[in-house]
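Please read the structure below before turning to the comments.
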Amino acid sequence: MHADPRRWLRDARRAMARLPSLRMSRVPDAPALPVRDPWPGDPARGVRILKGELEFAGAVRALRPRGWSDATGSAEVRAAAHQFSWLRDLRALGTDAARLRARALVADWITGPVGDPLAHRPDVAGGRIAAWLGHYDFFASSADDGFRQKLMSRLVSDARSLSAALPAEELDARALTALKGLIAAAVAMPEHAAFLTRALRFLPQEIGRQVLPDGCHAERSPAAHLAALQDLTEIRSLLQAAQVQPPPALNAAIERMAPALRVLRHGDGGLALFNGAKEEQTTLIDLVLTQAGRSGRAPSGLTDGGYQRLQAGRSVLIVDCGTPPPPGVDRFAHAGTLAIELSLGRERMIVNCGAASASTPEWRDAMRATAAHSTLVIGDISSAELRPSGLGRRPERVEMQRQEANGAHWLEASHDGWQKPFGAVHRRRLYLAESGEDIRGEDAVEAPTPQNFTVRFHLHPAVSASLQQDGEAVLLRLPTGGGWRLRADGAKISLEESVYLGGHEPRRSEQVVLTGSAEGPQQVKWAISKVG
C-alpha cells in the first residue's frame, strides 16, 4: 500500500479522470453560461505578448508557440505562462492581432505536448480553466467549430483531472485558485454538476485554513491577501451567476478580508511591501474592494495578522508586529519582523525593498533578508533563516503593546529571532505625534554579550537624501518639495545605496544606515520630523 493513503487515492482518481472513455463524454459545444473575467488587463503587457514576451513579477519569459515544454526558469513565471491569466492583457489591447495571438497560443497549448509538470499543478490548472472561460468571448466565440470543440473538450478533461486532484496539496492561497477553476467549469458547463459538489465540499475548510479571524490571510502577505480576496469574490460571483447559494463561510471571509486589506494600504492606495508584496495597481485594489462590497473603515491593526497601522495627520506608519507565517504558508515569507513603512499623504518615504519572487534565487533571497527591510539587523544575520521552501529558524515570540491618547500613538514591540545565534532580543519603540509630523523611535538589542548592529531606513526612489554637515542628521526631500530631517543618537549615521523592487521594474534608491558597535551603547534613538 502507498505510504500516504490519501495521496494514493488522489493519484488513482487522477488516473481514472484521464481515461479516454471518461474524458470524451458530455462535451458541450460552448459554455452554457457566460463566465467573465472581472479584472483589468495591462495593454503595455499585451504589446509585449504580441512580441513573444511574457512579463511577470519583474521577470520576462519567451511566450511563443511550441514553447510550452520549456521547463527552465523560475517556477513562478512558468506557472504564470501556463495559467493564461495574461489573456486579460491581450484583451485590454483589444486588437484583432491580440485576439488572433490569444487564439493561436491557446490552440498551440491544447494540441502540442506540454512537458512542464507545473502546467498540471491544481492551482495552475484552475487558473487556466478560469482564464479560458473568462475570455472565451474574446478569443474563442468567433473561432471555427474545430477550435471550439477542441477547447471545450480540453476544458472538460482538465476539470476532471482537477476535481480528482482535490484537495490541493498546496496549503497557501494557490488552493483557492484551484477551487475557483473547478467552480468556473461547473458554472459554464452545468451538465457537470459533480464539479460544483466537489468544489463546495472543500471550499469552507480551505477558507477556514487560510483566512485568520481578523481577516488577514494566513501568509501575512499583502499580495497573497489581495489575490485570495480576488479569488473569493470571483467564486461568489460565479455561484451567484449559477443561482447557487454561497456557503456562509465565503461571505463571512470576504467581509473580514476587505477591511483587513485597507490596513495594508498606503496613502497612495498601493500595498505595503511585506512578505513578497509589490505596490500593485491602485485601480485593481479599488476594484477588488468594490467587488467585495460594503466594508467599514480600516481597523487600526490586525490582531491575528500582526500588522499595526498608526495614522495621524497625513502620515501612515505600518509596522510588522507578527510572528512569521507557519510552515506550509511561508514559501514567500521575508525575515522582516518589526520592519516599518512610512507614507506622507500620497508619497512613500520609508519602504522595504520589495520582492523578487520570480527572479533568480540570489535576488529572491536578497529581498527576503532582514537587511532589505527598514528594521534592525544584528551581525548581518537575518532574523529568520531563509530556505527555498520557506523559513527555518524564525522569531517565535513577538510581543506588542499599543496606546493612543489625544491623537498620538505609542507602540512597543519585541522579537526573539536572534535568540539562537546570539541569545538576543530586538526591542523597538515607536511614537507618532498627533500632527503626523513628528515620528520617534528607539531600537535596542538585549543580549548577554554586546553585539554589532545596524538600523536601516530604505528610502523610496522618489526621495532625495543628503547627509548634513555635522554628520548627525540626513535631510530628506519628497517630490512635492516637503523637507524632513532624520537624526539619530547613539549610532553613526550614513547614506548607502539601496534598490527598490516594489514597482514595475527595479529602481536605484538610497538607505539611511545607523551603525552601532559592540563597544558602544546597545540602543539607538532616532527621530523623523518635518522641516519648516
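Values quoted throughout were computed directly from the atomic coordinates according to the rules given, and no laboratory measurement underlies them. What you see is a predicted model, and the numbers here were worked out from it, not measured in a lab. Neighbour counts are summed over all protein chains in view; Cβ atoms, including those assigned to glycine, are modelled from backbone coordinates with ideal geometry.
Here are some notes:
- Each Cα pair under 8 Å and six or more residues apart adds its separation to the average, and for the range 387-532 the resulting relative contact order is 21 percent.
- Cα centroid separation, the range 219-286 to the range 44-71 (Å): 27
- Oblate is the label for the range 401-491, because a/c, from the alpha-carbon gyration tensor with a ≥ b ≥ c as root eigenvalues, is 1.5 or above and a/b does not exceed b/c.
- Each other residue within a Cβ distance under 13 Å of Trp526 adds +1 if Lys or Arg and -1 if Asp or Glu, for a net charge of +3.
- Ranked list, fewest to most other Cβ atoms within 10 Å of each Cβ, for Asp438, Asp145, Asp158: Asp145, Asp438, Asp158
- Likely footprinting exposure, Phe195, Phe202, Phe138, fewest C-beta neighbours within 10 Å first: Phe202, Phe138, Phe195
- Tensor-based shape of the range 488-532 (alpha-carbon gyration tensor, a/c under 1.5 rounded, otherwise prolate or oblate): oblate
- Taking Arg26, Arg48 and counting other C-beta atoms within 10 Å, the order from fewest to most: Arg26, Arg48
- Whether the range 360-515 is rounded, prolate or oblate, judged on the alpha carbon gyration tensor where a/c under 1.5 counts as rounded: oblate
- Taking Cα centre as origin and charging only the Cβ of basic (Lys, Arg, +1) and acidic (Asp, Glu, -1) residues, the dipole magnitude of the range 457-527 rounds to 220 debye.
- Of the residues Ala80, Ala62, Ala97, the one whose Cα sits farthest toward the positive end of the charge dipole of the range 50-102, with +1 on the Cβ of Lys and Arg and -1 on the Cβ of Asp and Glu, is Ala97.
- Tilt relative to the chain, helix 174-188 - C-alpha long axis, 0 to 90 degrees, to 10: 30
- Net charge of Cβ neighbours under 13 Å - reference Arg148; Lys, Arg +1; Asp, Glu -1: -1
- Against the chain, whose longest principal axis is taken from its Cα atoms, helix 193-210 shows a tilt of about 10°.
- With the charge dipole of the range 84-189 set up from +1 on Lys and Arg Cβ and -1 on Asp and Glu Cβ about the Cα centre, the Cα lying farthest toward the positive end among the listed residues Gly112, Val124, Ala173 is that of Gly112.
- As a length-normalised measure over Cα pairs under 8 Å and 6 or more apart, the relative contact order of the chain settles at 10 percent.
- Tilt relative to the chain, helix 145-165 - C-alpha long axis, 0 to 90 degrees, to 10: 60
- Assigned charges on the beta-carbon of Lys, Arg, Asp, Glu; the chain dipole about Cα centre (debye): 1460
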